[in-house]
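Inspection log for the structure reproduced underneath, given as structure tokens.
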Amino acid sequence: MDTTSERESKLQSLADRLQFTIVKTHDRYTLTRTADVPRLVCEEGLTLEQAEDVLERWKLRGPHGG
């Protein structure tokens, strides 16, 4: 199993590829994307697992998230 720092590194790499920014506050994450979307995409207060899930779903849906 990956350590938290390895998971965070993978999360950051995926976020970069999908043009998301990540802000970590304590043990919670905020994902924001402004590129190629009609309006801001922002998910706040996510756990590491939730942030991973959001980005994986976005990746599967394609470049515009849907």
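The values are calculated or read from the model by the stated rules, or taken from the named source; none is laboratory data. Because the structure is predicted, anything quoted here is derived from the model rather than measured. Ideal geometry is used to build each Cβ from the backbone, glycine not excepted, and the neighbour counts take in all protein chains shown.
Scan the stretch 34-51 and report the pairs whose first residue is on the phi > 0 side of the Ramachandran plot and whose second residue is surrounded by 10 or more Cβ atoms within 10 Å (Cβ to Cβ) and basic (Lys, Arg), with Cβ atoms within less than 8 Å and a gap of 6+ or a chain change.
Here the result reads Gly45/Arg28, each pair linking the stretch 34-51 to a residue that is surrounded by 10 or more Cβ atoms within 10 Å (Cβ to Cβ) and basic (Lys, Arg).
Out of the strands (runs of 3 or more DSSP E) lying entirely within the chain, which hold 3 or more residues that are surrounded by 15 or more Cβ atoms within 10 Å (Cβ to Cβ)?
Filter on the chain gives 28-33, 41-46.
Consider the stretch 25-66. How many of its residues are under 18 Å from Thr4 (Cα atoms) and under 11 Å from the mean Cα position of the chain (by Cα)?
Residues that pass the stated criteria total 14.
Any residue that is touching a residue at least 12 places away in the same chain (Cβ under 8 Å) and in contact with a Gly (Cβ under 9 Å, 6 or more places away or on another chain) - is there at least one of those in the stretch 5-17?
no
Inside the stretch 16-60, can you point out the residues that are aliphatic (A, V, I, L, M) and at pLDDT 95 or above?
Result: Ile22, Val23, Leu31, Leu46, Leu48, Ala51, Val54, Leu55.
What's the total number of residues in the stretch 1-29 that are under 13 Å from Lys59 (Cα atoms) and among the β-branched types (Val, Ile, Thr)? Steps first, please.
Filtering the stretch 1-29 down to residues under 13 Å from Lys59 (Cα atoms) leaves 11, 13-20.
Right, trim to among the β-branched types (Val, Ile, Thr) and you get none.
Qualifying residue count, the stretch 1-29: 0.
May I ask you to verify whether Lys59 is in contact (Cβ under 8 Å) with a residue 40 or more places away in the chain, at negative phi and of a type outside the set (A, V, I, L, M, F, W, C)?
yes
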